[in-house]
1. Consider only pairs whose beta carbons are under 8 Å apart and that are at least six residues apart or on different chains; among these, list those whose first residue lies in the range 170-199 and is among the small types (G, A, S) and crowded, with 20+ Cβ neighbours inside 10 Å and whose second residue is part of a helix (DSSP H, G or I) and modelled with pLDDT of 95 or more.
2. Which pairs have Cβ atoms under 6 Å, sit 6 or more apart or on different chains, and link a residue in the range 223-245 that is free of Cβ contacts under 8 Å to residues at least 24 places away in the same chain to one that is surrounded by fewer than 12 Cβ atoms within 10 Å (Cβ to Cβ) and among the hydrophobic types (A, V, I, L, M, F, W, C)?
3. Answer yes if at least one residue in the range 67-86 is touching a residue at least 60 places away in the same chain (Cβ under 8 Å) and over 25 Å from P174 (Cα atoms), and no otherwise.
4. Hey, can you tell me all the residues within the range 228-250 that are polar (S, T, N, Q) and closer than 27 Å to Q27 by Cα?
5. Looking at (1) more than 30 Å from V213 (Cα to Cα); (2) surrounded by 14 or more Cβ atoms within 10 Å (Cβ to Cβ); (3) under 22 Å from the mean Cα position of the chain (by Cα), find the lone condition where S149 falls short.
6. List the pairs whose first member sits in the range 92-115 and is under 14 Å from F74 (Cα atoms), whose second member is outside any helix (DSSP H, G or I) and of a type in the set (F, W, Y), and whose Cβ atoms are under 7 Å apart, counting only residues at least 6 apart or on separate chains?
7. Can you name the helices (runs of 4 or more DSSP H) wholly within the range 47-159 that have at least 3 residues being within 30 Å of I9 (Cα to Cα)?
Amino acid sequence: MNIINFENIYVSYDLKPVLKDINLTIQNGEHWVILGSNGSGKSTLIKLISNDLHPNRKYPFTKEVFGKDRWSIFDLKKKLGIITNDLHNYFSVHGSFLTAYEVVLSGYYSSIGIFKHQDFSKEQHQKALEALEFLEILDIKDKKVSAMSTGQLRRSIIGRALIHNPEAFILDEPTVGLDIKAQYSFIKLIQKLSKNASIILVTHHLDEVFPEVSHVALVHNKTIYKKGLKNEVLTSSNLSEIFELDIELKEEQNRYTIGKIQ
């Protein structure tokens, strides 16, 4: 099954086009990186996938997620774990009183917090503990968001999605705000997640392209400039085009770095 099947999609804000001619198919089991500069349209593309934005109906289009053209947000979140910096920041401000365990448990109701009217089964409590253990943060189960590091909160929010056993995760610039050690640890976590679910990683950082990534889509000028197999799309010439610099791409042991910029 396709996770995403988009054809000829345009998105506009107040009649101003923000995405144009989007054609993208991502199949279950594939791991993708969506790469582009700031302002290229990556965040808008995430909102299109999550149903927070809808196509401009002036143009004929196909927009299917998991084979359906209509989803309730609540049902979609059970199949597609979406981890954004906006969600992270929202928990930092409005969920600072929550523990890591409560952040994970709140995923059952897609709420920010745990409330008296919410009932949780013994199995749901157990699943929350298993998610914390899988993410290697069981030791901070009772730690409040206000006292967490950036990496700890991000893992807790992933746990919030993980309790539904989603078929895919969308991760929006997941290592922002992490130091070098935490970045390395987080990439290892993404690799661990990729064994059980498809990963769609949205970023402008080449060092986030982990070895299991099979496909790359390059976003440039509000459209998808190139897409396909990683070794065919992730090239010096293509990166030079989308970042509008003369870039030399280096690859060593399936990890990518910038060798030279002119």
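1. Partner pairs satisfying both residue conditions: none exist.
2. Close Cβ pairs (under 6 Å, with a partner that is surrounded by fewer than 12 Cβ atoms within 10 Å (Cβ to Cβ) and among the hydrophobic types (A, V, I, L, M, F, W, C)) amount to L245/I261.
3. Yes: one or more hits.
4. Those that are polar (S, T, N, Q) and closer than 27 Å to Q27 by Cα: N231, T235, S236, S237, N238.
5. (1)
6. Pairs found: Y108/F120.
7. Working: elements: 73-79, 85-94, 100-105, 122-134.
Ranges flagged: 73-79, 85-94.
Here's the yes/no breakdown for (1) over 22 Å from S214 (Cα atoms); (2) touching a Pro at 6+ places or on another chain (Cβ under 9 Å); (3) of a type in the set (G, A, S):
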{"position": "V18", "(1), (2), (3)": "yes, no, no"}
{"position": "D21", "(1), (2), (3)": "yes, no, no"}
{"position": "Q27", "(1), (2), (3)": "no, no, no"}
{"position": "S43", "(1), (2), (3)": "no, no, yes"}
{"position": "L53", "(1), (2), (3)": "yes, no, no"}
{"position": "D75", "(1), (2), (3)": "yes, no, no"}
{"position": "V93", "(1), (2), (3)": "yes, no, no"}
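The values are calculated or read from the model by the stated rules, or taken from the named source; none is laboratory data. In this text the structure is predicted, and so the values were computed from the model without any measurement. Cβ coordinates were reconstructed from backbone atoms using ideal geometry, including for glycine residues, and neighbour counts include every protein chain displayed.
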